[in-house]
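The values are calculated or read from the model by the stated rules, or taken from the named source; none is laboratory data. Given the structure is predicted, the values throughout are model-derived calculations rather than measurements. Reconstructed Cβ throughout: ideal geometry from the backbone, glycine too, with neighbour counts over all protein chains shown. Side chains are part of the model used for accessible areas, which takes the heavy atoms of the whole protein and leaves out ligands, DNA and RNA. Shrake-Rupley method; radii C 1.70, N 1.55, O 1.52, S 1.80 Å.
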Amino acid sequence: AAQFYLALCYVNGEGVAPDAFESVRWYEQAAKQGHAAAQSNLASRYENGVGVAQDLREAVRWYRQAAAQGQAHAKAALQRMRR
């Protein structure tokens, strides 16, 4: 959870300078440990190419992992991407 919150700090510039690349780094650390919100936020970064090169396959992979844990945003994103 701490890694997820550190990523949010980099997104919002809370206590650190805003840094999209660092936010991705910390979202990925948390996501790999099964943090559903981090997985969903990381997927969004891949979907939109923020802090990483846009990669829709990687976005879907992370959204699926988050959705499997019941993360509502990830489920909605998968539905939207299927259209």
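Just a few scattered comments:
- For the pair Met81 and Ala53, a Förster radius of 22 Å applied to the C-beta separation gives a FRET efficiency near 0.80, rounded to the nearest 0.05.
- Å² per residue, accessible surface of the chain at 1.4 Å: 58
- Rounded to whole numbers, the Karplus 3J(HN,Hα) couplings from phi for segment 43-55 are 4, 4, 4, 5, 4, 9, x, 9, x, 8, 5, 4, 8 Hz, using 6.51 cos²θ - 1.76 cosθ + 1.60 with θ = phi - 60°, and x at Gly and Pro.
- Structure-derived Kirkwood radius over Cα pairs in Å - corresponding label in [x] 12.3; [y] 14.4; [z] 16.6: [x]
- Angle in degrees between helix 20-32 and the longest Cα principal axis of the chain, rounded to the nearest 10: 60
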